[in-house]
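K.L.:
The following block contains the structure, expressed as structure tokens.
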Amino acid sequence: MCAIPCTVYIDEAGDLGANRGTQWFVLTAVIVDRSEEAAIRANLKSIKQKLNVQAIHFRTVKDFNRRGYIVKELSTNNFTCVHILFDTKQFDKAKMPTDLLAYNYICRYLLERVSWFLRDTGREGKIILSSRGTSRDADLIKYIQDKLIPYSNNQVSHVFTGIDCKQASSWDMLQLADVCATSMFYSHEVNGYGMVIPCFAIKLWEKNYRHNGKIDRYGMKYFNDKMKPANGILQSLKLCNRE
């Protein structure tokens, strides 16, 4: 039986650097069947026309209703998400002395889970990374090709058919990955008013990869158990939270 062809779009939200920028860093893969891409692209085009923008970069959309509209519309499409969440306040410099090393570990966890999903659903996918426009793009491609795809715990390296790097501003499907990554980021990152905004991630919740009905450690994995927020912490930071 032939594998279902798909594309794995990878983007990020937050600043990975320890003790600067954001507390949370999210690396997200959005897996899209090739047969679904035309419908998603048409939806993205319609959203951009409605909002009168050339590209969707979710974090620069300041109006809550406009963000909500973007997520509501995209939630009608078919795709699957995998998220790795990293708390930079728990950055262990002894084990990961550089941001680059931490990023590589995060990417390994992400592609492990993507490979499991592809294996279990009879798919094969090409990886498309969101370009940073630096030499880091080529280094990351080489790392994934030489180290991650052949990594034994992936079990099924043959499910990845290639890898490339594109500018999100001109590659609309990466804008979908940006929305998904940033929605998860907003559900964890405390804003300037002392709140988290989980609404967007909740709307996209059914898109997260499940294994035997379980999202935890599959569609949504904290880098390690120490980084997982204590019970009730995020709930207490929601605006729409009943006492």
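The values are calculated or read from the model by the stated rules, or taken from the named source; none is laboratory data. In this text the structure is predicted, and so the values were computed from the model without any measurement. FYI the Cβ positions are ideal-geometry reconstructions off the backbone, even for glycines, and counts take in every protein chain you see.
K.L.:
Which members of the range 55-80 meet the condition of being assigned to a loop (DSSP other than H, G, I, E, B) and touching a residue at least 40 places away in the same chain (Cβ under 8 Å)?
P.N.:
The answer is 55, 56, 57, 75, 77, 78, 79.
K.L.:
Going through 137, 146 one at a time, which residue ends up being modelled with pLDDT under 90, closer than 28 Å to residue 17 by Cα, assigned to a helix (DSSP H, G or I) and touching a Ser or Thr at 6+ places or on another chain (Cβ under 7 Å)?
P.N.:
Values: 146 fails: touching a Ser or Thr at 6+ places or on another chain (Cβ under 7 Å).
Exactly one of 137, 146 is modelled with pLDDT under 90, closer than 28 Å to residue 17 by Cα, assigned to a helix (DSSP H, G or I) and touching a Ser or Thr at 6+ places or on another chain (Cβ under 7 Å), namely 137.
K.L.:
Now for a separate question. List pairs: first residue in the range 115-127 and more than 11 Å from residue 158 (Cα to Cα), second residue part of a helix (DSSP H, G or I) and of a type in the set (D, E, K, R) anywhere in the structure, Cβ distance under 6 angstrom, at least six positions apart or on different chains.
P.N.:
As it stands, the answer is none, since no pair meets every condition given.
K.L.:
If you don't mind, another one. Looking only at the range 165-180, filter to residues that are out of contact with any Leu (no Cβ under 7 Å at 6 or more places or on another chain) and in a helix (DSSP H, G or I); which one of those is surrounded by the most Cβ atoms within 10 Å (Cβ to Cβ)? If you could, list the steps in order and put the result at the bottom.
P.N.:
Going through the range 165-180, the residues out of contact with any Leu (no Cβ under 7 Å at 6 or more places or on another chain) turn out to be 167, 169-171, 173-174, 177-178.
Still in the list and also in a helix (DSSP H, G or I): 173-174, 177-178.
Numbers: 173: 20, 174: 24, 177: 28, 178: 24.
Here the residue is 177.
K.L.:
Follow-up. Return the residue satisfying two criteria in turn: it lies in the range 1-57 and is among the aromatic types (Phe, Trp, Tyr) and within 26 Å of residue 118 (Cβ to Cβ), and of such residues it is nearest to the chain's Cα centre (by Cα). Before the answer, list the steps.
P.N.:
First, the residues of the range 1-57 that are among the aromatic types (Phe, Trp, Tyr): 9, 24-25.
Imposing the further condition that a residue be within 26 Å of residue 118 (Cβ to Cβ) reduces the set to 9, 25.
Values: 9: 8, 25: 10 Å.
Among residues in the range 1-57 that are among the aromatic types (Phe, Trp, Tyr) and within 26 Å of residue 118 (Cβ to Cβ), the one nearest to the chain's Cα centre (by Cα) is 9.
K.L.:
Taking the range 1-30 as the region of interest, how many residues are surrounded by fewer than 24 Cβ atoms within 10 Å (Cβ to Cβ), of a type in the set (Val, Ile, Thr) and closer than 23 Å to residue 158 by Cβ?
P.N.:
2
K.L.:
In the range 215-235, which residues are free of Cβ contacts under 8 Å to residues at least 40 places away in the same chain and surrounded by fewer than 11 Cβ atoms within 10 Å (Cβ to Cβ)?
P.N.:
Correct list: 225, 230, 231, 232.
K.L.:
Give the range 31-54 a look and list any residue that's part of a helix (DSSP H, G or I), surrounded by 16 or more Cβ atoms within 10 Å (Cβ to Cβ) and either out of contact with any helix residue (DSSP H, G or I) (no Cβ under 8 Å at 6 or more places or on another chain) or among the β-branched types (Val, Ile, Thr) (or both), or say none.
P.N.:
40, 47, 48
K.L.:
Next question, about the same structure. How many of the residues in the range 191-212 are hydrophobic (A, V, I, L, M, F, W, C), outside any helix (DSSP H, G or I) and more than 13 Å from residue 238 (Cα to Cα)? If you could, list the steps in order and put the result at the bottom.
P.N.:
Of the range 191-212, the ones hydrophobic (A, V, I, L, M, F, W, C) are 195-197, 199-202, 204-205.
Retained after the next criterion (residues that are outside any helix (DSSP H, G or I)): 195-197, 204.
Retained after the next criterion (residues that are more than 13 Å from residue 238 (Cα to Cα)): 204.
Summing the residues that are hydrophobic (A, V, I, L, M, F, W, C), outside any helix (DSSP H, G or I) and more than 13 Å from residue 238 (Cα to Cα) in the range 191-212 gives 1.
K.L.:
For the range 186-211: of the residues being more than 22 Å from residue 124 (Cα to Cα) and among the charged types (D, E, K, R), which is surrounded by the most Cβ atoms within 10 Å (Cβ to Cβ)? Break it down stepwise before answering.
P.N.:
First, the residues of the range 186-211 that are more than 22 Å from residue 124 (Cα to Cα): 186-205.
Then keep just the ones that are among the charged types (D, E, K, R); that gives 189, 203.
On the way: 189: 19, 203: 15.
Across the range 186-211, the extreme among qualifying residues is 189.
K.L.:
Same structure, new question: Which one of the conditions (1) crowded, with 22+ Cβ neighbours inside 10 Å; (2) touching a Gly at 6+ places or on another chain (Cβ under 7 Å) does residue 183 fail to meet, given that it meets all the rest?
P.N.:
Of the numbered conditions (1) crowded, with 22+ Cβ neighbours inside 10 Å; (2) touching a Gly at 6+ places or on another chain (Cβ under 7 Å), the odd one out for residue 183 is (2).
K.L.:
While we're here: Can you tell which of 13, 94 is on the phi < 0 side of the Ramachandran plot and not in a loop (DSSP other than H, G, I, E, B)? It would help to see each step written out before you state the result.
P.N.:
Values: 94 fails: not in a loop (DSSP other than H, G, I, E, B).
After ruling out the rest, the residue left standing is 13.
K.L.:
Residue check, residue 127 against (1) in a strand (DSSP E or B); (2) over 30 Å from residue 66 (Cα atoms), all met but one. Which one?
P.N.:
It is condition (2) that residue 127 fails.
K.L.:
Could you please give the count of residues in the range 187-223 that are in contact with a Phe, Trp or Tyr (Cβ under 6 Å, 6 or more places away or on another chain), of a type outside the set (A, V, I, L, M, F, W, C) and over 22 Å from residue 8 (Cα atoms)?
P.N.:
Number of matching residues: 2.
K.L.:
Can I ask one more? Return the total of residues in the range 1-36 being within 19 Å of residue 75 (Cα to Cα) and among the polar types (S, T, N, Q).
P.N.:
Total meeting the criteria: 3.
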